[in-house]
Amino acid sequence: MPAGPARVAPALSVIRDRLPGAVDLAIIGGGVAGAASAFFAARAGLSVLVLERRAAIASLTTRAATGGFRLQHDNREEFELVRESLDFYLDFASRTGLDGWDLGIRQQGYLFCSRQEGSAARGRDLVARQREFGLDDVEVLSGDEARHRWSFLAPGVLQARFRAGDGFIDPVALATGFALASSQAGRIPGAESGGARYALGVEVRGFLRGPGGAVTGVDTNRGDVHAGATLIAAGPWSGTVAALAGLDLPMAPTIRQKLVIPELPIIDQQGPMTIDEETGSHWRPALAGCYAIRTDPHTPAGEPLLEVPTDRVEAMALLDPSSQVALAHVAPFWREVWSAGLPAWSLAAGQYEYTPDHRPFIGATGIPGLFVNTGYSGHGVMCAAGGARRAVEVLTGDADPLAEPLRLGRPMPARTRDVL
């Protein structure tokens, strides 16, 4: 946790005994999407109850996240979500009323490296498309130009694309900040009366139904809660929760591993997120060392998990230079790390909740009283503020649900998984 949060006085409003009988909005899920939704709902004047199954907020997928953000997307919808969210994050303390809150933002860039002409050509096409979105500060560099700036790159890197404004953020500090601000609605600049409370260790068992099948609240292991609206923001568990209401959310929870190597001096702590476009293997500076990850497009989907297992084999594949997906293919210094003997490292694991087109579900569901803010397919931290604002505006009636481009029920052509 960054130093900033320890200096801030407000505490999270946690319900430790009986749940309230009625609220304006019940949110299922206490990760970054749920906490951000609670913030925007509280700012709109709603009384909010956030229901989290685990013993702490932001303790499952949010805590396992790598904490990267980028405007370098291949579609306008996610680009716009991240752009809005980043603007909010860069002004987080003043917009939330949490003076001194530190999100640990480091704009050190994303560096995508191509080692084959095919991926290099796709990269150039992508940059041209991004310019149509209004993103005009992505550089396309030859291999030599890239190595001049980042001498650690391998001779086999043919091309790189780089945006300096992309970077890193502390996911837990972000979720916690949203949660604290939502609990202290009177501190939110411009907020109406309202506020959020958090109930931990609560399992949602079903939904309360009204006339015409409308969702009127939730049935939990600690009693029923009536709600004017209910929002599902349960990450990889969202499909399971939605099924309790007879709603089909097409989602594919997929395990992702994060290799944590602290105190590795060879890693430039001012360096960028560095990605091998051919394999999806990448790393970013962290903890005086790095986080290293691979988003393997062939990893099978599975069931949502409350405890996600780690996989030492995947870690070894990143580190062993003889592996086809080794980090050493894009940066030879990883061979030295391997030869010198691996430093102390650990693994963390979470799940991406992939949708068919890898874009989130935001807004109405077709069931009166039930809304969603989920399905971010690994991009929840970077999209949290924009997605939450839009979901809340739909449920309060301030936005047309049919005008939301990321609404449930939109056309969703299947999409090849990104390397990130």
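The values are calculated or read from the model by the stated rules, or taken from the named source; none is laboratory data. Worth saying up front: this structure is predicted, and the values here are computed from it rather than measured. Every residue, glycine as well, gets a Cβ built from its backbone with ideal geometry; the counts of neighbours run over all protein chains shown.
Consider the range 356-372 and keep the residues that are buried (at least 24 other Cβ atoms within 10 Å of the Cβ) and under 18 Å from ARG83 (Cβ atoms). The one that is farthest from the chain's Cα centre (by Cα) is ILE362. The listed residues are ILE267, ILE275, and the only one of them that is in contact with a Cys (Cβ under 9 Å, 6 or more places away or on another chain), at pLDDT 95 or above and assigned to a loop (DSSP other than H, G, I, E, B) turns out to be ILE267.
Taking the conditions (1) under 22 Å from the mean Cα position of the chain (by Cα); (2) touching a residue at least 40 places away in the same chain (Cβ under 8 Å) in turn, GLU336 satisfies each one other than (1).
Being more than 26 Å from LEU25 (Cα to Cα) and of a type outside the set (A, V, I, L, M, F, W, C) is the requirement here; does PRO405 meet it? Considered against the rule, which asks whether it is more than 26 Å from LEU25 (Cα to Cα) and of a type outside the set (A, V, I, L, M, F, W, C), PRO405 comes out as no. Summed over the range 278-302, the residues that are among the charged types (D, E, K, R) and part of a loop (DSSP other than H, G, I, E, B) give a count of 2.
Applying the criterion of being touching a residue at least 40 places away in the same chain (Cβ under 8 Å) and assigned to a helix (DSSP H, G or I) to the residues of the range 133-173, the residue that is surrounded by the most Cβ atoms within 10 Å (Cβ to Cβ) is PRO171.
Checking every residue in the range 311-330 against the condition of being among the basic types (Lys, Arg), touching a residue at least 24 places away in the same chain (Cβ under 8 Å) and closer than 29 Å to SER151 by Cα gives zero matches. The conditions are (1) in a loop (DSSP other than H, G, I, E, B); (2) modelled with pLDDT of 95 or more; (3) more than 23 Å from ASP166 (Cα to Cα), and GLU393 fails exactly one of them. Which is it? If we test GLU393 against (1) in a loop (DSSP other than H, G, I, E, B); (2) modelled with pLDDT of 95 or more; (3) more than 23 Å from ASP166 (Cα to Cα), just (1) comes out false. There is no residue in the range 299-307 that is touching a residue at least 60 places away in the same chain (Cβ under 8 Å), under 30 Å from SER151 (Cβ atoms) and surrounded by fewer than 21 Cβ atoms within 10 Å (Cβ to Cβ). Residue count for the range 44-70 satisfying the condition of being surrounded by fewer than 23 Cβ atoms within 10 Å (Cβ to Cβ) and part of a helix (DSSP H, G or I): 2.
Within the range 84-113, residues that are within 15 Å of PHE39 (Cα to Cα) reach no partner that is among the hydroxyl-bearing types (Ser, Thr, Tyr) with beta carbons closer than 7 Å at six or more positions or on different chains.
On the basis of being closer than 26 Å to PHE92 by Cα, touching a residue at least 60 places away in the same chain (Cβ under 8 Å) and either surrounded by fewer than 24 Cβ atoms within 10 Å (Cβ to Cβ) or touching an Asp or Glu at 6+ places or on another chain (Cβ under 9 Å) (or both), does GLN184 make the cut? Yes, satisfied.
Within the range 268-323, the residues that satisfy the criterion of being touching a helix residue (DSSP H, G or I) at 6+ places or on another chain (Cβ under 6 Å) and of a type in the set (Ser, Thr, Tyr) are SER281, SER323. Residue count for the range 325-336, restricted to those that are touching a helix residue (DSSP H, G or I) at 6+ places or on another chain (Cβ under 8 Å) and either on the phi > 0 side of the Ramachandran plot or assigned to a loop (DSSP other than H, G, I, E, B) (or both): 2. Among the residues making up the range 49-85, those that are more than 18 Å from ARG106 (Cβ to Cβ), of a type in the set (Ser, Thr, Tyr) and within 12 Å of the chain's Cα centre (by Cα) are THR61, THR62.
Kindly evaluate PRO265 against the criterion of being free of Cβ contacts under 8 Å to residues at least 40 places away in the same chain, over 22 Å from the mean Cα position of the chain (by Cα) and not assigned by TED's automatic domain parsing to the domain that holds GLY97. Here the answer is yes, as PRO265 does meet what is asked.
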